[in-house]
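S.K.: First the structure, which I've put down as structure tokens, then a few questions once you've had a look.
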Amino acid sequence: TYGETYVKIWLDPWHRLVRRDPPPWFRRKIATALLALYRDWQQALLQRGKPFRLLLYLHEPNFINSQLVAGKPHLATYHPPDPAQPPFPAERFFAPGTAPQDITWQPLIEEDLFLEKLDELTPEAIARIKKRAYHISTISSGDTCYHIRTGGAWVGEQTGG
């Protein structure tokens, strides 16, 4: 519907009833596999000869939310930028010396959004959510949107590509 394709991490047993993250050694294997898939998709998309945008999202601490997204050139990131986040921690996602040098990483805020009217929030729920919200905004419908930070993410895109 949005002109994009994606692959997410849904691994057993880390994603049965509760979303859990894999251990560090396995996280690096998954990130390396996502990077290999990034390269494969990039080649396939280049062969099609149509403009595209390919983004690799690596989440921290919620690595299980990481994903690879391909779409039209105007494809936007799903999360707001996070200028306060430290530089990309390559060693958390890749074995020493194997981090891609041709990928530029931008820090993002991973967040949950709650809409006051659409989610039919009670006054009690609104009070609890307001305490945790790092940002409150009004969307085009006039509804109040509460932004709660759940972690961080880095979106990677090939430099010049």
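S.K.: So if I place +1 on the C-beta of Lys and Arg and -1 on the C-beta of Asp and Glu, and nothing else carries charge, what would the dipole magnitude of region 33-130 be about its Cα centre? I want it in debye, nearest 20.
M.R.: Once rounded to the nearest 20, the dipole reads 540 debye.
S.K.: ³J(HN,Hα) across region 79-94 via Karplus (A = 6.51, B = -1.76, C = 1.60, θ = phi - 60°), whole Hz, x for Gly/Pro?
M.R.: Per residue, the Karplus-derived 3J(HN,Hα) values read 10, x, x, 10, x, 7, 6, x, x, 3, x, 3, 5, 6, 10, 9 Hz.
S.K.: Let me ask you something else. Could you give the alpha-carbon Rg of region 58-148 over 2.2 N^0.38 Å, rounded to two decimals?
M.R.: Relative to the rule-of-thumb radius for its length, region 58-148 sits at 1.38.
S.K.: Taking only the Cα atoms of the chain, how large is their convex hull per residue, in Å³?
M.R.: Output value, Cα hull per residue: 150 Å³.
S.K.: Moving on to the next point. Excluding ILE148 itself, calculate the net charge of residues whose Cβ lies under 9 Å from the Cβ of ILE148, where each Lys or Arg counts +1 and each Asp or Glu counts -1.
M.R.: Counting the neighbours of ILE148, the net charge comes to 0.
S.K.: Let me ask another. With a cut-off of at most 15 other beta carbons within 10 Å, and DSSP calling the residue loop, which trypsin sites (Lys or Arg not before Pro) in region 39-119 qualify? Please list them.
M.R.: LYS117
S.K.: Sticking with this one: With 10 angstrom as the radius, rank HIS135, HIS59 by how many other C-beta atoms surround their C-beta, starting from the fewest.
M.R.: Ordered from fewest to most neighbouring Cβ atoms within 10 Å, HIS135, HIS59 come out as HIS135, HIS59.
S.K.: Could you let me know the centre-to-centre spacing of region 21-74 and region 120-148, using Cα atoms, in angstrom?
M.R.: Computed from Cα coordinates, the inter-centre distance equals 31 Å.
S.K.: Can you order the peptides 121-134, 99-112 by their average number of other Cβ atoms within 10 Å per residue, highest first?
M.R.: Final packing ranking: 99-112, 121-134.
Each value in this text was obtained by applying a stated rule to the coordinates, not by laboratory testing. Worth saying up front: this structure is predicted, and the values here are computed from it rather than measured. As a convention, Cβ positions derive from the backbone with ideal geometry for all residues, glycine included, and neighbour counts pool all protein chains shown.
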